[in-house]
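Step one of this worksheet: look at the structure below.
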Amino acid sequence: MSDAPDRPEPHAFAAHELAVGQHAELERDVTEDDVLTFARLSGDWNPLHVDVEYARGTRYEGRIVHGAFQVGLASALIGMHLPGKHVLLGSIQARFMTPLYFPCRVAVRGELTAWNAVARSGTVKVVVRDLARQVPTAEIFMRVTLHDEQGAPADEPATVGRTARLAAGESRPVVAVTGAAGAIGAAIATELASTYAVLALVHRAPLSAALRTLPHVHEVAVDLAAPDFAEHVAAALAGQPLYGVVHAAWPGLPRGGLLGAPDETIEEQVRFGSVHTVRLARVLFGHAGAAGGRLVVVSSLAGGRRPALAMAPYSLGKATLESTIRLLAPEMARKQISVNAICPSLVPAGMNRHQNERALKLQAANVPLGRLCEAGDVAGLVRFLLSRDAGFVSGQLIELAGGIV
């Protein structure tokens, strides 16, 4: 319209210009006028949002921003910044962790956690954060696609990306490995590539150049937390049965005790040990063939067996992982799927790669076998647990401790 007021121009990404890990962020103030305008436009005049006296008498002790308003902020992020002009919203999954009080200033950060350039669709994870309190108030997963402009040229062909599909008629058993870009995950994927077709699941970091050269390793970029995670794995399988899942991904090694740890740090550690593990089990249960399969997870000696106070959130997450495995084993047995956890002692790689040489020597001196556990030790035990010889081993937490008792 010629008389329309000036408005900002959205970014306009094409499908081939987008990739997992791409992110954008905006900041804005949320005022009383914003909330009252939203109430008028939506018709949601709930007094918790608009009535000072009523809200003061609730457990919140003040007015809070509508959850749908925060979804609107996420909509602005995807509509204006990532993917921008050509986006079409397909579905939303949201949770609100902490009340957002107003007036306030918020940061809205979006990250592309899954993307299929051929299908022109993916998932954007949006987090709304209250800048004054430095706490996240909303986490919103938005399933998006890109539409075409009438008469516009089509996108350039997608280059070879980070999401692969198995070839039709794959003769090797298929094993998915999470955390394949990490030190232990990469060692596992390398070990298995001589026998299996490996779906190497990665998130922010790509596979190493060495792994990419292996003919039976297929890189799949996906976020385990994304609502459509299972769909992306299914697409990569291309109709082939899934024999095994090796869960080696983990969201870092936070230091300190539980009392001082942010809620979101504890939640993330526990989710990896519970919800994400169960979701992987569901994928395997749904795609396993008639011969059954294997679920192997990488835990830690610092999990339920020997919890470490100096990294309590991590120990809690790993202990949760071990309980999840024990509970899953009887259920997965209905399809002849075994479920086991490997609990290594300290491995001087990945999350532990920054430990100094003196500290590592002291650790090794406490191991009866005289050395630290290596990524190859974990990979070798994974290979055994995937084999026929381990078919009756299930529900076990197997320590790789070098004789430590």
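Remarks
- Rounded to whole numbers, the Karplus 3J(HN,Hα) couplings from phi for region 314-323 are 5, 4, 5, x, 5, 5, 5, 4, 5, 5 Hz, using 6.51 cos²θ - 1.76 cosθ + 1.60 with θ = phi - 60°, and x at Gly and Pro.
- Centroid-to-centroid separation of region 61-115 and region 297-356 [C-alpha atoms, Å]: 34 Å
- Nearest-ten-degree value, helix 263-273 long axis tilted from longest Cα axis of the chain: 40 degrees
- Label-zone membership for region 386-405, site residue 367, 7 angstrom Cα→C-beta point, backbone N under 18 Å: 398-405
- Take the Cα of residue 17, go 7 Å toward its beta carbon, and the backbone nitrogen atoms of region 56-84 under 14 Å from that spot belong to 80-84.
- Helix 183-192 vs. the chain, principal-axis angle (Cα, 0 to 90°, nearest 10): 60 degrees
- If you take all other residues with their beta carbon under 11 Å from the beta carbon of residue 386, and give Lys and Arg +1 and Asp and Glu -1, the sum is +1.
- Each residue, residue 204 and residue 53, gets one label point 7 Å from its Cα in the Cβ direction; the gap between the two is 4.9 nm.
- Length added when fully stretched, residue 291-residue 42, from 0.36 nm per residue minus Cα-Cα: 84.3 nm
- Fully extended contour minus Cα-Cα distance, from residue 135 to residue 85, at 0.36 nm per residue: 15.0 nm
- DSSP-defined beta bridges in the chain - what % are antiparallel, rounded to 5: 55 percent
- Tally of Lys pairs whose C-alpha atoms are under 29 Å apart, taken over the chain, 8 or more apart or cross-chain: 4
- Comparing Cα centroids, region 204-262 and region 28-51 end up 40 angstrom apart.
- In this label model, residue 194 and residue 93 are separated by 3.8 nm, measuring between points 7 Å along each Cα→Cβ vector.
- Gain upon complete extension [residue 213, residue 104; 0.36 nm per residue less C-alpha separation]: 34.2 nm
- The phi-based Karplus calculation (6.51 cos²θ - 1.76 cosθ + 1.60; θ = phi - 60°) puts the 3J(HN,Hα) values of region 74-79 at 5, 4, 5, 5, 6, x Hz, whole numbers, x for Gly and Pro.
- For residue 399, the residues 5 or more places off, or on other chains, whose built amide H falls under 5 Å of its own are 343.
- Virtual paramagnetic centre 7 Å along Cα→Cβ of residue 34, amide N under 15 Å, in region 71-97: 71-78
- Rounded to whole Hz, the Karplus (6.51, -1.76, 1.60) HN-Hα couplings of region 40-52, x for glycine and proline: 5, 6, 8, x, 8, 9, 3, x, 4, 9, 10, 10, 4
Coordinate-derived values only; no laboratory data. Because the structure is predicted, anything quoted here is derived from the model rather than measured. For neighbour counting, all protein chains shown are included, and Cβ atoms are generated from backbone atoms with ideal geometry for every residue, glycine included.
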